[in-house]
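Visitor: One structure, as structure tokens, below. Some questions next.
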Amino acid sequence: MNTQYLNKFNIPQPILVLIIGGFIHSVGSSFMWPLNSIFMHNILGRSLTEAGALISLQALATLVGQFISGVLADRFGSRRVMIYGLIGAILPLILISCFPIWEVYAPGLLFYGFAIAFIFVPINALVFTLWPEGGRRGFNLLYVFNNAGVAVGTALGGFIAALSFKLVFLLNGLFFFIYLLMVLIFLPAKDIQSKPLSKSRVKVPIFKDRGFPVLIALCAAIFLMWGAYIQINTVLPVTMTNLGYSLPQYSILWTLNGVIIVAFQPVIHWIIRHWAPTLSRQFYVSCLFYAIGFLMLLGNFPYPSYFIMMIIITLGEMLVLPGVPAAAALIAPEGKTATYQGVVGGAASGGRALGPILGGLAFDHYGGNMAWALALVFVSIALLPFYLYQRRERTFTQGTGAKEQAI
């Protein structure tokens, strides 16, 4: 990656390691996750309801892992928890690549979902802890480079799956192993000096924190937004293959998603400057973009419309997905950054868990259009918790101008 570009922002070296490592593991992950539904439906012979149920259980495992990893990271250090997560993600991927059968795949995917929570929560906590003056710039850089990896991984994933699904899982494990080596070599423990929680802070329950009501509003909103967004991962690939489109034709949409996230940063900066200078306004605009995209899917337009839909929904994604972790970091008390990231990440996983179940049932019984209507309902309801967040936003963002900058 172009580290010279990154260095002009005076980004700390540990943040560079996290960003570049995030790109690498995102490439590997993107070989697999867009194709999970197709692998279960077309290769393992499972119904879309079964596939959606397993993906939902995986998200539930990630939800539990995020709550646990957030607390552990605040108590024992984010780097240590992250290493355990990387090792835990590699092991089931190796097993699935060797034994691609339902009896191995199903429990392996659940364990993988639990393990990756021990990676993502510590990363978000470290980004804010090691670079607090970066504010949402750190989250945005991590998000952009992760999605650059999505662009590369999804561009190759469909072609790799056409050769062998075993290779998809094996390469995913290899890329996680590379990230593990980067953390062990370039992110030594002596460079990560976290302040342990004081005994008095440990004894304070999270629900007594001043920011807890705001955290709950953020959790409800991201739960609903992910419940809508996940339909593109689970229902759309099966819908498109039923219409006669190939795996590469679906996978290229996720390549476009990653390219937009990287190339459209100037567009997002313009939107933030002119339309959405605060996080709450970013959330409102993201709801608008999501709604337009799902309305297009309801229209059953020809193949080129899928590209337009992906562009519009991706713009909404670029506003809300890095924005919610940044908002959670701003409201977190000292020493509870990882815990707050775990809670809000768990809420996102909850949306990823519920969405596939409802979307799969809607598709199996009523067709794809019902899944898109369901997504629209989720987005509409999300406006309420975003409004509740807006009412308290100024309390936590006053005096944090540096944190409100974009890259």
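The values are calculated or read from the model by the stated rules, or taken from the named source; none is laboratory data. Nothing here was measured: the structure is a model prediction, and the numbers come from that model. Cβ placement follows ideal geometry from the backbone for every residue including glycine, while neighbour counts extend to all protein chains displayed.
Visitor: Give the residue, chosen from F159, F165, F120, that is under 23 Å from T337 (Cβ atoms), among the aromatic types (F, W, Y) and at pLDDT below 90.
Guide: F120
Visitor: Here are L63, L35, L57: which of them is among the aliphatic types (A, V, I, L, M), in a helix (DSSP H, G or I) and either closer than 19 Å to V150 by Cα or modelled with pLDDT of 90 or more (or both)?
Guide: Every option except L35 fails the conditions.
Visitor: Might you check whether a residue that is without any contact (Cβ under 8 Å) to a residue 40 or more places away in the chain and more than 26 Å from L44 (Cβ to Cβ) occurs anywhere in the stretch 126-149?
Guide: No, the stretch 126-149 contains no residue that is without any contact (Cβ under 8 Å) to a residue 40 or more places away in the chain and more than 26 Å from L44 (Cβ to Cβ).
Matching residues to (1) closer than 18 Å to A332 by Cβ; (2) in contact with a Leu (Cβ under 9 Å, 6 or more places away or on another chain); (3) of a type outside the set (D, E, K, R):
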{"residue": "Y105", "(1), (2), (3)": "no, yes, yes"}
{"residue": "G108", "(1), (2), (3)": "no, yes, yes"}
{"residue": "N124", "(1), (2), (3)": "yes, yes, yes"}
{"residue": "V127", "(1), (2), (3)": "yes, yes, yes"}
{"residue": "W131", "(1), (2), (3)": "yes, no, yes"}
{"residue": "L141", "(1), (2), (3)": "no, yes, yes"}
{"residue": "T154", "(1), (2), (3)": "no, yes, yes"}
{"residue": "G158", "(1), (2), (3)": "no, yes, yes"}
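Visitor: Taking the condition under 30 Å from F207 (Cα atoms), touching a residue at least 40 places away in the same chain (Cβ under 8 Å) and of a type in the set (K, R), does R391 pass?
Guide: So R391 does not fit the description; no.
Visitor: Tell me which residues, restricted to the stretch 288-308, are buried (at least 18 other Cβ atoms within 10 Å of the Cβ) and over 14 Å from A373 (Cα atoms).
Guide: F289, Y306
Visitor: Here is a check on your reading of the model: is M82 within 27 Å of K166 (Cβ to Cβ) and either of a type outside the set (F, W, Y) or free of Cβ contacts under 8 Å to residues at least 40 places away in the same chain (or both)?
Guide: It is false that M82 is within 27 Å of K166 (Cβ to Cβ) and either of a type outside the set (F, W, Y) or free of Cβ contacts under 8 Å to residues at least 40 places away in the same chain (or both).
Visitor: Can you find a residue in the stretch 153-171 that is over 12 Å from I24 (Cα atoms), of a type in the set (S, T, Y) and either touching a Phe, Trp or Tyr at 6+ places or on another chain (Cβ under 8 Å) or buried (at least 22 other Cβ atoms within 10 Å of the Cβ) (or both)?
Guide: yes
Visitor: Within the stretch 209-251, restricting attention to residues that are closer than 20 Å to P322 by Cα and part of a loop (DSSP other than H, G, I, E, B), which residue is modelled with the lowest pLDDT?
Guide: G211
Visitor: If you don't mind, another one. For the stretch 288-325, what are the residues that are under 20 Å from S246 (Cα atoms) and free of Cβ contacts under 8 Å to residues at least 24 places away in the same chain?
Guide: Once the filter is applied, which keeps residues that are under 20 Å from S246 (Cα atoms) and free of Cβ contacts under 8 Å to residues at least 24 places away in the same chain, the stretch 288-325 yields F301, P302, P304, S305, I308, M309.
Visitor: Out of the residues in the stretch 9-68 that are small (G, A, S) and within 16 Å of F114 (Cβ to Cβ), state the one that is surrounded by the fewest Cβ atoms within 10 Å (Cβ to Cβ).
Guide: A61
Visitor: Determine whether A263 is out of contact with any Pro (no Cβ under 9 Å at 6 or more places or on another chain) and either in contact (Cβ under 8 Å) with a residue 24 or more places away in the chain or not small (G, A, S) (or both).
Guide: Spelling it out, it is not the case that A263 is out of contact with any Pro (no Cβ under 9 Å at 6 or more places or on another chain) and either in contact (Cβ under 8 Å) with a residue 24 or more places away in the chain or not small (G, A, S) (or both).
Visitor: For the list (1) under 24 Å from K336 (Cβ atoms); (2) at pLDDT below 90; (3) not in a loop (DSSP other than H, G, I, E, B), I need the number of the one condition that G153 fails.
Guide: The single condition G153 does not satisfy is (1).
Visitor: Just to be sure I understand, how many residues within the stretch 301-352 are under 12 Å from M225 (Cα atoms) and among the hydrophobic types (A, V, I, L, M, F, W, C)?
Guide: Total meeting the criteria: 7.
Visitor: Can I ask one more? Can you tell me how many residues within the stretch 124-133 are surrounded by fewer than 24 Cβ atoms within 10 Å (Cβ to Cβ) and part of a helix (DSSP H, G or I)?
Guide: Counting residues in the stretch 124-133 that are surrounded by fewer than 24 Cβ atoms within 10 Å (Cβ to Cβ) and part of a helix (DSSP H, G or I) gives 4.
Visitor: Kindly indicate whether I38 is within 22 Å of G157 (Cβ to Cβ), touching a Phe, Trp or Tyr at 6+ places or on another chain (Cβ under 7 Å) and touching a residue at least 60 places away in the same chain (Cβ under 8 Å).
Guide: no
Visitor: In the stretch 268-287, which residue that is among the hydrophobic types (A, V, I, L, M, F, W, C) and assigned to a helix (DSSP H, G or I) is surrounded by the fewest Cβ atoms within 10 Å (Cβ to Cβ)?
Guide: W270
Visitor: Among the residues of the stretch 278-325, write down those that are hydrophobic (A, V, I, L, M, F, W, C) and in contact with a Lys or Arg (Cβ under 8 Å, 6 or more places away or on another chain).
Guide: Passing the criteria: only L279.
Visitor: Go through the stretch 60-107 and give me each residue that's under 29 Å from V127 (Cβ atoms), more than 20 Å from the chain's Cα centre (by Cα) and of a type in the set (G, A, S).
Guide: G77
Visitor: Counting only residues that are in contact with a helix residue (DSSP H, G or I) (Cβ under 6 Å, 6 or more places away or on another chain) and among the β-branched types (V, I, T), which one in the stretch 63-82 is nearest to L354 (Cα to Cα)?
Guide: Top of the filtered list is V71.
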